[in-house]
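Okay, so here's the structure we're looking at.
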Amino acid sequence: PGPAVEADKDVTLHIVAVGVNAYPNLPAPMQLDNSVHDARGLVRMMKTSEGKVYGRVESHLLLDGQATIPAILTAIDTVVAATANRPQDIVMIFFAGHGFAVDREYYFVPADINPKGEKPRNQADIDRMIRAGGLNQKEMMAHIGKLQTAKALVLLDTCHSGALVGAGFGNPVEQGEK
């Protein structure tokens, strides 16, 4: 083991962790098994660093039915406000669940997608459903982009997450090393 690391008492790690296994309005094959476990596990693991690496660890954990677009954006906005004059803080945003790329745009699928329980007949129907009820990259980035911290990390444990690279994520130099 290397030398002990002393916690920087003035640094808070802020976590928004979203995990969706249960999609009540989607068919059985679209239900997931590990997203909630992964989101919980990430928060639990990072909380062990409180007082050791970070002065504090603050978390917003949204699981299954809690993971709606308004709740996700509110959690991100809460972290934006909490870090407004704290560039030394660190932000970690984690999404686990379904992700789709529609017309080369990334969408995270919230738990409440497809509230009418419509049965898509083809890919065009699925794309329409995702556009209407998914959290798209533009809206996501509009909120995340307000962060004033020097360090932020966005982790996507979803399919099609690579679609975000073209959206400005993936080039830390152009993003101010966020």
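Overview of results
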{"item": "Of all residues making up the stretch 54-86, the number that are in a strand (DSSP E or B) and touching a helix residue (DSSP H, G or I) at 6+ places or on another chain (Cβ under 6 Å)", "result": "6"}
{"item": "Near pairs, Cβ below 7 angstrom, 6+ apart or cross-chain, from the stretch 151-165 (under 11 Å from residue 107 (Cα atoms)) to any residue that is open to solvent by 90 Å² or more (accessible area, probe 1.4 Å)", "result": "163/104"}
{"item": "Any hit, the stretch 43-57, residues being within 15 Å of the chain's Cα centre (by Cα) and open to solvent by 40 Å² or more (accessible area, probe 1.4 Å)", "result": "no"}
{"item": "Residue satisfying all of: in the stretch 24-36; in a helix (DSSP H, G or I) and either in contact (Cβ under 8 Å) with a residue 24 or more places away in the chain or touching a strand residue (DSSP E or B) at 6+ places or on another chain (Cβ under 8 Å) (or both); farthest from residue 65 (Cα to Cα) among these", "result": "30"}
{"item": "Selected residue [touching a Gly at 6+ places or on another chain (Cβ under 6 Å) and either open to solvent by less than 60 Å² (accessible area, probe 1.4 Å) or free of Cβ contacts under 8 Å to residues at least 24 places away in the same chain (or both)] from 124, 111, 81", "result": "111"}
{"item": "Odd one out for residue 39 among (1) in a helix (DSSP H, G or I); (2) more than 11 Å from the chain's Cα centre (by Cα); (3) under 11 Å from residue 20 (Cα atoms)", "result": "(2)"}
{"item": "Test result for residue 112, under 20 Å from residue 27 (Cβ atoms) and not in a loop (DSSP other than H, G, I, E, B)", "result": "no"}
{"item": "Check on residue 177, of a type in the set (Asp, Glu), at pLDDT below 95 and closer than 24 Å to residue 60 by Cβ", "result": "yes"}
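The values are calculated or read from the model by the stated rules, or taken from the named source; none is laboratory data. Worth saying up front: this structure is predicted, and the values here are computed from it rather than measured. In this analysis, Cβ positions are derived from the backbone assuming ideal geometry, glycine residues included, and neighbour counts consider all displayed protein chains. Side chains included, ligands, DNA and RNA excluded: accessible areas come from the protein's heavy atoms. Shrake-Rupley method; radii C 1.70, N 1.55, O 1.52, S 1.80 Å.
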